[in-house]
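Trainee: Would you mind keeping the following structure in view while I ask a few things?
What follows is calculated from the coordinates using simple rules that are stated; it is not laboratory data. Keep in mind that this is a model prediction, so the values were computed, not measured. Glycine also receives a Cβ, built like all others from the backbone with ideal geometry; neighbour counts cover every protein chain displayed.
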């Protein structure tokens, strides 16, 4: 299995996309985002939510680098993520569709080693995929009982 190190900008984009979704209280995915990142929308401030998302994304970046270094017996050094506040209008932030975010999470999942963090990310990614499908017109109009 080959492993690549995702760019700091890629991690920044994942963090920003997840933060934008966490600010939408009507988002059905919010409970899964809260569980994965360890915050409670109703009890934590936006700054605390950002802090917890940033910490988890840094943890994912470290896991990605560790998986690469274990695979290639290397000690690759990459730049630290410079987090951009997602509510500011920054040209550097890529607005991701749900499908693009899902693909980024799948890429990350492929590029980290097995372990507890991998299992947490796998569960979250599966729930996110379910969310994407449940939001499609085809799903909404499909018969419940076939």
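Trainee: Order of 145, 16, 97, 113 from fewest to most other C-beta atoms within 10 Å?
Mentor: 145, 97, 113, 16
Trainee: Now for a different question. Enumerate the residues in region 119-135 having an amide nitrogen under 20 Å from the point lying 7 Å beyond the Cα of residue 28 toward its Cβ.
Mentor: 123-135
Trainee: Taking 30 Å as R0, compute the FRET efficiency from the Cβ-Cβ separation of residue 127 and residue 69 and round it to 0.05.
Mentor: My answer for the efficiency is 0.55.
Trainee: To the nearest 0.05, how large is the calculated FRET efficiency for residue 119 and residue 20 if R₀ is 41 Å and r is the Cβ-Cβ distance?
Mentor: 0.95
Trainee: Related question: By how many nm would the segment from residue 134 to residue 35 lengthen if fully extended, with 0.36 nm per residue of separation less the alpha-carbon distance?
Mentor: 33.7 nm is the gain from fully extending residue 134 to residue 35.
Trainee: Neighbour counts of other C-beta atoms within 10 Å: give me 28, 18, 109, 121 arranged from fewest to most.
Mentor: Listing 28, 18, 109, 121 from fewest to most nearby Cβ atoms yields 28, 109, 121, 18.
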